[in-house]
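A quick write-up on the structure given underneath.
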Amino acid sequence: MTTYDYIIVGGGSSGCVLANRLSENPAHKVLLIESGRRDADPWIHIPATFFKVLGKGIDIHPYASNPDKGLNGRPSIVPQGNVLGGGSSVNAMIYIRGHRNDYDTWSQMGCEGWSYDDVLPAFRSLEHNERLNGQFHGKKGGLHVSDPRHRHPLSEAFVQAATEIGIPHNDDFNGADQAGVGFYQSTTHGGRRWSSAQAFLREAEKRPNLTVLTERKVARLLFEGQRATGVELLDGATFRASREIALTAGAIATPKILQLSGIGDGAHLAALGIPVIADLPGVGANYQDHLEVPVQGETREPISILGHDRGLRAAGHMLRYLTSHRGLLSSNVVECGGFVDTAGTGQPDVQFHVLPVLIGFVDREAEPGHGLSIGPCYLRPRSRGWIRLKSADPREQTDFNANLLSDPADIETLVRGVETAIRILDAPALAKLVKRRVLPKPGVEKDPEALRDYIRQSAKTVFHPAGTARMGRADDRMAVVGSDLKVRGVEGLRICDASVMPTLVSGNTNAPTMMIAAKAAAFMTGKAISG
Ligand SMILES: Cc1cc2nc3c(=O)[nH]c(=O)nc-3n(C[C@H](O)[C@H](O)[C@H](O)COP(=O)(O)OP(=O)(O)OC[C@H]3O[C@@H](n4cnc5c(N)ncnc54)[C@H](O)[C@@H]3O)c2cc1C
């Protein structure tokens, strides 16, 4: 059995950061194992074509929850990256860190060393911001963060319309104040996607002490007593780790691997015939996700990007892109949005994702015609779900209960989000372009019951599963890892992905997950973060 110092399970947003930082020291022999392919599909690297990658379905895990009561019996379908770079190779590239209070709350929950002031250096150490500088931004990291090279007229109109209803303009959602509307910065560079693989793995892979295996899936961890000493793959191969194993398989796969390895609710594992290594009932619990609801308007003129992926127009965009890396294909499509305090608490509770087209989802066709889509999304869900094994067979799907919208507060936040989005749609800058509201159907917002039903019927993930192996105090029975990300009750094992978030951050989760991995690397190597 080949022995490495460190084994990293999952080559996604967090895994690539970790592979880079752990292999910086030539004395460390590091193995990264990724279940998906290499990120060689050219559509991955062209920002606007991420929908194509999702549509093809080759580089994603098509996770789906059980039918969910909160979604009127629909499953929550949550595609996740299954490719080198993970989520960062298939996502919408929006660069957001969350709100200062998110991290201060983690710290107050007993996660020592995770307050905003504690995590800021890790964010800065990763970042190469192409415009912003100063106390909030980094210039020397591998992760390029840039302003949009393309601004669709409908995106411009959304930003203007939002300011017309009194929402302030913000040109740095990751600076002193998150609130406001504007254009998102994205993890792109020179008009190309800048995934975690691109930012952190390309250079690291040149090092002889880093081995990257793709299209190999980890089934379970191997233990000697309470010490994690290796991994077993689905194909039966095994690898040994002399120092540590880091789980970075994402918030849906990580709790599955833990349970298959005997770490989880003791009684449940015993009932499945899995020998219990550590009785941690928090494994798979505390599942959280961000949901958004479509608010869409049809435009008077055919000005959306509908049809721009076909025929002569598509060829024109490709020609422009290939010659200058500019134009529509350099756009992450979700070019703008913002953060709004709809409850008057002094902190935004709703985020908008705006697309210059009428979009559908994997479970529904897009509405016909030209238009724009505004997606109000709640930021701090109160509903919690869980992911549990159905059997000891790693090939079997898990019992995935997303339990979304089970807390009425989440519905009420979406109600306020939809109402605010409708006001923006009706503001002059958009009203002159939009001939009619398509979703929700006019009148629905006036009937509280119908509006809540619309939300349950149409809410969809914005792909931010988190929290399924959460961090917490040593005396917190449901905490899976401590503030050092070490799994409780065992040795040689850390969790370093979105699973450890005690609560979802107020925004998109790619940068926060990379931050978690940067802190994990510092814990593992003892090398301080210079941010
Ligand atoms: C479609 C989509 C759009 C998104 N848009 C944005 C956005 O615009 N901005 C933003 O900030 N965030 C966005 N996100 C969320 C963000 O990308 C994720 O939060 C982030 O990538 C999570 O990082 P992770 O390291 O926890 O997991 P991942 O990046 O998902 O990495 C986990 C990796 O582990 C691999 N893996 C899983 N199981 C195994 C196994 N058994 N053995 C070996 N490997 C395994 C997976 O294939 C994957 O590559 C989006 C996500 C998606 C899917």
Considering only residues that are touching a residue at least 40 places away in the same chain (Cβ under 8 Å) and hydrophobic (A, V, I, L, M, F, W, C), look in region 516-529 and name the one that is farthest from Trp114 (Cα to Cα).
Met524
Which one is nearest to Ala521 (Cα to Cα) among residues in region 111-151 that are assigned to a helix (DSSP H, G or I) and aliphatic (A, V, I, L, M)?
Ala122
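Before we move on, is Thr468 open to solvent by 10 Å² or more (accessible area, probe 1.4 Å) and within 16 Å of the ligand (Cβ to nearest atom)?
Numbers: open to solvent by 10 Å² or more (accessible area, probe 1.4 Å): no; within 16 Å of the ligand (Cβ to nearest atom): yes.
It is false that Thr468 is open to solvent by 10 Å² or more (accessible area, probe 1.4 Å) and within 16 Å of the ligand (Cβ to nearest atom).
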Taking region 350-391 and keeping only residues that are in a strand (DSSP E or B) and among the basic types (Lys, Arg), one is left with Arg364, Arg388
Which of the numbered conditions does Ala40 fail, given that it passes all the others? Conditions: (1) closer than 25 Å to Ala518 by Cβ; (2) more than 9 Å from the ligand (Cβ to nearest atom); (3) not in a strand (DSSP E or B).
(1)
With respect to the numbered conditions (1) over 30 Å from Arg470 (Cα atoms); (2) of a type in the set (A, V, I, L, M); (3) surrounded by 15 or more Cβ atoms within 10 Å (Cβ to Cβ), which one is the sole condition not fulfilled by Leu319?
(3)
Name the residue that is farthest from Gly266 (Cα to Cα), counting only residues in region 361-405 that are over 19 Å from the mean Cα position of the chain (by Cα) and small (Gly, Ala, Ser).
Gly369
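Give region 505-531 a look and list any residue that's under 18 Å from Tyr378 (Cα atoms) and not β-branched (Val, Ile, Thr), or say none. Working first, answer last.
Start the filter on region 505-531 by keeping residues that are under 18 Å from Tyr378 (Cα atoms), which leaves 505-510, 512.
Across region 505-531, the qualifying residues are Ser506, Gly507, Asn508, Asn510, Pro512.
If you check Arg477, Arg494, Arg437, which single one turns out to be outside any helix (DSSP H, G or I), crowded, with 21+ Cβ neighbours inside 10 Å and in contact (Cβ under 8 Å) with a residue 40 or more places away in the chain? Write out each step before concluding.
Values: Arg477 fails: crowded, with 21+ Cβ neighbours inside 10 Å; Arg437 fails: crowded, with 21+ Cβ neighbours inside 10 Å.
After ruling out the rest, the residue left standing is Arg494.
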Of the numbered conditions (1) away from the ligand (no atom under 12 Å from the Cβ); (2) over 22 Å from Ala199 (Cα atoms); (3) surrounded by 22 or more Cβ atoms within 10 Å (Cβ to Cβ); (4) β-branched (Val, Ile, Thr), Val78 satisfies every one except a single condition; which is it?
(1)
Just need a number here: residues in region 253-285 that are within 21 Å of Glu491 (Cβ to Cβ) and either in contact with a Pro (Cβ under 6 Å, 6 or more places away or on another chain) or without any contact (Cβ under 8 Å) to a residue 40 or more places away in the chain (or both).
7
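Between Thr461, Thr513, which is in contact (Cβ under 8 Å) with a residue 60 or more places away in the chain, more than 22 Å from Asn174 (Cβ to Cβ), under 13 Å from the mean Cα position of the chain (by Cα) and within 16 Å of the ligand (Cβ to nearest atom)?
Details: Thr513 fails: more than 22 Å from Asn174 (Cβ to Cβ).
Only one candidate passes the filter, namely Thr461.
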Please find, among Tyr103, Tyr95, the residue that is open to solvent by less than 20 Å² (accessible area, probe 1.4 Å), touching a Ser or Thr at 6+ places or on another chain (Cβ under 6 Å) and more than 15 Å from the ligand (Cβ to nearest atom).
Tyr103
Taking the condition near the ligand (Cβ under 9 Å from one of its atoms), of a type outside the set (D, E, K, R), on the phi < 0 side of the Ramachandran plot and not in a strand (DSSP E or B), does Ala19 pass?
no
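Out of the strands (runs of 3 or more DSSP E) lying entirely within region 178-273, which hold 3 or more residues that are more than 16 Å from the ligand (Cβ to nearest atom) and open to solvent by less than 10 Å² (accessible area, probe 1.4 Å)?
Correct list: empty, since no element meets the threshold.
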Determine whether Asn72 is surrounded by fewer than 19 Cβ atoms within 10 Å (Cβ to Cβ), out of contact with any Leu (no Cβ under 7 Å at 6 or more places or on another chain) and polar (S, T, N, Q).
yes
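For the structure I just gave you, tell me whether Val350 is under 28 Å from Asn403 (Cβ atoms) and aliphatic (A, V, I, L, M).
Working: under 28 Å from Asn403 (Cβ atoms): yes; aliphatic (A, V, I, L, M): yes.
Criteria met by Val350.
Quick test for you: out of Leu405, Leu414, pick the one residue that is outside any helix (DSSP H, G or I) and surrounded by 21 or more Cβ atoms within 10 Å (Cβ to Cβ).
On the way: Leu414 fails: outside any helix (DSSP H, G or I).
Just one listed residue meets the conditions, Leu405.
Tell me, yes or no, whether region 444-458 has at least one residue that is in contact with a Ser or Thr (Cβ under 9 Å, 6 or more places away or on another chain), surrounded by fewer than 21 Cβ atoms within 10 Å (Cβ to Cβ) and outside any strand (DSSP E or B).
Of region 444-458, the ones in contact with a Ser or Thr (Cβ under 9 Å, 6 or more places away or on another chain) are none.
Within region 444-458, not a single residue is in contact with a Ser or Thr (Cβ under 9 Å, 6 or more places away or on another chain), surrounded by fewer than 21 Cβ atoms within 10 Å (Cβ to Cβ) and outside any strand (DSSP E or B).
Give the residue, chosen from Gly142, Gly134, that is more than 16 Å from the ligand (Cβ to nearest atom) and farther than 24 Å from Ser373 by Cα.
Residue meeting the stated conditions: Gly134.
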Matching option when the condition is more than 16 Å from the ligand (Cβ to nearest atom) and either open to solvent by 50 Å² or more (accessible area, probe 1.4 Å) or of a type in the set (A, V, I, L, M, F, W, C) (or both), among Leu355, Leu328:
Leu328
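Inside region 47-69, can you point out the residues that are in a loop (DSSP other than H, G, I, E, B) and crowded, with 22+ Cβ neighbours inside 10 Å?
As a first pass, look at region 47-69 and keep what is in a loop (DSSP other than H, G, I, E, B): 57-59, 65-67.
Listed by number, the residues that qualify are Asp59, Ser65.
The values are calculated or read from the model by the stated rules, or taken from the named source; none is laboratory data. Quick caveat: nothing in here was measured; it's all calculated off a predicted structure. Note that we place each Cβ from the backbone using ideal geometry, even for glycine, and neighbour counts take in every protein chain shown. When the accessible area is computed, the model is the full protein with side chains, heavy atoms only, and any ligands, DNA or RNA have been set aside. Shrake-Rupley method; radii C 1.70, N 1.55, O 1.52, S 1.80 Å.
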